[in-house]
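The values are calculated or read from the model by the stated rules, or taken from the named source; none is laboratory data. For clarity, every value in this text was computed on a predicted model and none was experimentally measured. Cβ sites come from the backbone with ideal geometry, for glycine too, and all protein chains shown count toward neighbours. Side chains are part of the model used for accessible areas, which takes the heavy atoms of the whole protein and leaves out ligands, DNA and RNA. Shrake-Rupley method; radii C 1.70, N 1.55, O 1.52, S 1.80 Å.
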Amino acid sequence: MHRRFGKNAMNKAYKQYFDLIFGSTLLTLGIYLFVTPNGINFGGVIGLAQIIEIFLRRFIAIRSDANLVGMINFLINVPLFLIGYRVMSRRFCIKTMLSVAVQTLLLSVLPPLKAPLVEDVLLNCIFGAILCGVGVGYALRGSGCCGGMDIACMCLVKKYPDFKSGRLSIYVNAVLFSVCLFLFDLETTMYSIIFVAILYTVADRFHDQNINVAALIFTDVSTVQTEILQKMGRGVTFWNGYGAYTNHPKKILFCAVNKYEIGELQEIIHEQDPNAFVTFFVGPLIHGGFEKRL
């Protein structure tokens, strides 16, 4: 049993790293194919890196085929890594550094596109936001993040569970887009706002750790609750009940997890009691001692 559990944990870790690298690659391709050729501002730290690059090109002679956004983004992320290391776990920081390294490498190596893929800026904006949003979502699903504002948001959510991560992003992007009004025109700024709005909406759909789930388990086996406590580290409340038809005694377990943990919870329940009856309630509001696992 312990060997099987260790193997499952290792497979889960491999899957998380795959999701992280895959998501970081999709994010970078979205920036490369749709954002940069159309002059769209990404928002957040990458958007700040884009603005810094514009100022550098105005005052310093830089080769036109050199892409500095990736390197500037990496340098801005260094102090954020240090903050994240103190608040979040070491594993989270390693994964985030890996994600930013993938972005930096790809953005530095890929040759700049001379023209957008299609002429319609809105189409580029929508498809770029979808691709980047899926990438960010996969990186978050891998228990890491793509750096930048995500690190700051994760730290604040970890320290203050009731903090709305979108609030910080709104404030920072409001400042960035105000600067964009002076650097670009109103049309480009509006496209950038549309891009960021779609990106965050898509990313939230993939970020399963951010979705609360309540599980109600009806079982005859008393070891189910013990296994959930030991293997998942999640609290369980139980009470005794009876089946209305059979009048047989049942244990009724209540457990709160996030959506990403549903597969692990189902596996534990099935191992202990294949005949258990389980219902899931997605998206309940949870207050109290519930640990946010990002």
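Fully extending the segment from Phe55 to Arg91 would add 9.4 nm, taking 0.36 nm per residue of separation and subtracting the current Cα-Cα distance. Its alpha carbons considered, segment 158-294 gives a radius of gyration followed by a Dmax of 21.7, 73 Å. In terms of its alpha-carbon gyration tensor, segment 86-128 comes out oblate; a/c meets the 1.5 threshold, while b/c is at least as large as a/b. What is the angle, in °, between the Cα long axis of helix 121-141 and the longest principal axis of the Cα atoms in the chain? Nearest 10 is fine, range 0 to 90. Helix 121-141 sits roughly 40 degrees off the main axis of the chain. Estimated from helical segments only, the mean residue ellipticity of the chain at 222 nm is -19500 deg cm²/dmol, where each DSSP H run of four or more residues counts as -39500 (n - 2.57).
The Rg/Rh ratio for segment 1-112 is 1.09, where Rg is the radius of gyration of the alpha carbons and Rh is the Kirkwood radius. Summarising the label geometry, the points placed 7 Å from Cα in the beta-carbon direction at Leu82 and Ser108 lie 2.1 nm from one another.
Quantify, in whole percent, the carbon and sulfur part of the accessible surface of the chain (1.4 Å probe; protein heavy atoms only). Reported share for carbon and sulfur atoms: 65 percent. For segment 51-195, the Stokes-Einstein estimate of translational diffusion at 10 °C and a viscosity of 1.306 mPa s comes to 94 µm²/s, using the Kirkwood hydrodynamic radius over alpha-carbon pairs.
Once Rg and the Kirkwood radius are both taken over the C-alpha atoms of segment 198-270, their ratio Rg/Rh works out to 1.11. Here, segment 116-226 has an Rg and a Dmax of 18.7, 67 Å when only alpha carbons are counted. Model label points for Ile170 and Thr246, set 7 angstrom from Cα along the Cα-to-Cβ axis, are 5.1 nm apart. From the square roots a ≥ b ≥ c of the eigenvalues of the alpha-carbon gyration tensor of the chain, which class results: rounded (a/c under 1.5), prolate (a/b over b/c), or oblate? Judged from the Cα gyration tensor, the chain comes out prolate (a/c at least 1.5, a/b above b/c). Computed over protein heavy atoms with a 1.4 Å probe, the accessible surface of the chain works out to 55 Å² per residue. Largest mean-square fluctuation among Gly147, Gly70, Gly23, in a Gaussian network model of the chain whose springs join Cα atoms under 10 Å apart, belongs to Gly70.
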